[in-house]
Structure formats: C-alpha cells, structure tokens
Amino acid sequence: MKSFKSNAWLLPQPVLIIGTYDKDGNPNAMNAAWGGQWDMHEIMISLGSHQTTDNLAVNPEFTVTFATAATMVAADYVGIVSGRNTPDKMQRAGWTAEKAPNVNAPVFSEFPMTLECRVKQKIDESETGCYLIAEIVNILCDERFLAEDGKPDVEKMDLITYDPVHHTYIQLGKSVGHAFADGKQLK
C-alpha cells in the first residue's frame, strides 16, 4: 500500500455554490468544496476570506446549491474569481438570480435544488475565514427534478463532485443500493 502525506482528500467532496447579496443588494456566488451536514437541520462550511464572508457579516442569510454537469464551467468560474475584484462576476457566470422566498439571499434558477440557510454560529473566526454553522430554513427543488414520490431525485440532477487528488470534477452516477436496508442481508 502506498503512503501519502496528509492532504484534504476526504471523498467525495461536494461542489457547493454559496449565494449571498452584497451590501448594495447585488447577488454574489462562490464555489466551496469543504462543507457538509452538521446536524439534522444544519450544515457546516469552511470559508476563507471572500466577498461572501464580507456579505455574511452584513446579512447572515444565504443559499447553498449543488453544482451540476451543466453548471460546471460557471461553477468553477465563481470559485476562481473574486467578487471583490470582478464587479461583473455574476453577469459573466450567466446565472439568473431571484430572491429566495424565506431568506434574504439569491436563488440561481439554473440549479435543481437550493438550501435556504441562516448563519447560527461562526467558529474560529479570523481575518482568514471561519467555520460556518448554518440552519437549513427551507429546501427548494425545481419540479423537473422530483421523483415519482414527490421528493428530489438526485439521479436526475447530474450532480458533480470535486476530486481534490487530481483537481477534476466527476459526475455522480446511478443508485447502487438502499441505505439502512441492504446491510440487513448480513444479519
């Protein structure tokens, strides 16, 4: 077995798009890979110092959506370009923003599912960033991406994951089993 030094190689890593408004009410988005479920109704995101962190200092509400194969190029773009230096960043990304119904943050209509969130806590906050704990206030899903049971169908979304080993994006595939059920075969 080959040994590697310590790296941020937890797999798979989500490609999260964080949507905020700046102090003038203009939508902004950034790409963040270091995040996940914190608790039943909460998420955690590790954020460096960005326009997004500036925006959250003024307004603690935001949206989180998940990048797809169709949104990959613009999702990568909003991760490599700062809203601090590129005033037309959102126009270049080409996304359509509308106000979320339950939080003061943008929803980008190009994505299949969006979490409406509110900051609950910032851990280890400094000039270099923080760990953000947020309450999931509501979840929005485009009806085209619902399954027959009326819930979001992840397979229809063509979600992507970030490969930190090779710095690539990988499209997620098909369901291969049933959680909390298939393992019962070994009881």
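For the range 84-95, the condition of being part of a strand (DSSP E or B) and touching a strand residue (DSSP E or B) at 6+ places or on another chain (Cβ under 9 Å) holds for none of the residues.
Scanning the range 166-183 for residues that are small (Gly, Ala, Ser) and either loosely packed, with under 10 Cβ neighbours inside 10 Å or in a loop (DSSP other than H, G, I, E, B) (or both) returns GLY173, SER175, GLY177, ALA179, ALA181. Check whether at least one residue in the range 34-50 is charged (D, E, K, R), in contact with a helix residue (DSSP H, G or I) (Cβ under 9 Å, 6 or more places away or on another chain) and either farther than 22 Å from THR96 by Cβ or free of Cβ contacts under 8 Å to residues at least 40 places away in the same chain (or both), and report yes or no. No, the conditions are met nowhere in the range 34-50. Return the residue satisfying two criteria in turn: it lies in the range 110-151 and is more than 14 Å from the chain's Cα centre (by Cα), of a type in the set (Gly, Ala, Ser) and modelled with pLDDT of 95 or more, and of such residues it is surrounded by the fewest Cβ atoms within 10 Å (Cβ to Cβ). Filtering the range 110-151 for residues that are more than 14 Å from the chain's Cα centre (by Cα), of a type in the set (Gly, Ala, Ser) and modelled with pLDDT of 95 or more, the one surrounded by the fewest Cβ atoms within 10 Å (Cβ to Cβ) comes out as GLY150. Using the structure shown, decide if THR65 is more than 10 Å from the chain's Cα centre (by Cα), buried (at least 17 other Cβ atoms within 10 Å of the Cβ) and closer than 24 Å to THR96 by Cα. Against the criterion (more than 10 Å from the chain's Cα centre (by Cα), buried (at least 17 other Cβ atoms within 10 Å of the Cβ) and closer than 24 Å to THR96 by Cα), THR65 does not qualify.
Report whether or not LEU47 is of a type in the set (A, V, I, L, M), surrounded by fewer than 12 Cβ atoms within 10 Å (Cβ to Cβ) and at pLDDT below 95. In short, no. Say whether the condition of being at pLDDT 95 or above, assigned to a loop (DSSP other than H, G, I, E, B) and closer than 20 Å to ASP158 by Cα is met by at least one residue in the range 71-82. Checking the range 71-82: at least one residue is at pLDDT 95 or above, assigned to a loop (DSSP other than H, G, I, E, B) and closer than 20 Å to ASP158 by Cα. When VAL137 is tested against (1) closer than 21 Å to ASN31 by Cβ; (2) in contact (Cβ under 8 Å) with a residue 12 or more places away in the chain, exactly one condition is not met: (1). Tally the residues that are over 24 Å from VAL58 (Cβ atoms) and crowded, with 18+ Cβ neighbours inside 10 Å, restricting the search to the range 23-44. The total comes to 1.
The values are calculated or read from the model by the stated rules, or taken from the named source; none is laboratory data. Bear in mind that the values here come from a model prediction, so they are computed numbers and not experimental data. A quick note on method: Cβ atoms are made from the backbone with ideal geometry, for glycine too, and the neighbour counts reach across all protein chains shown.
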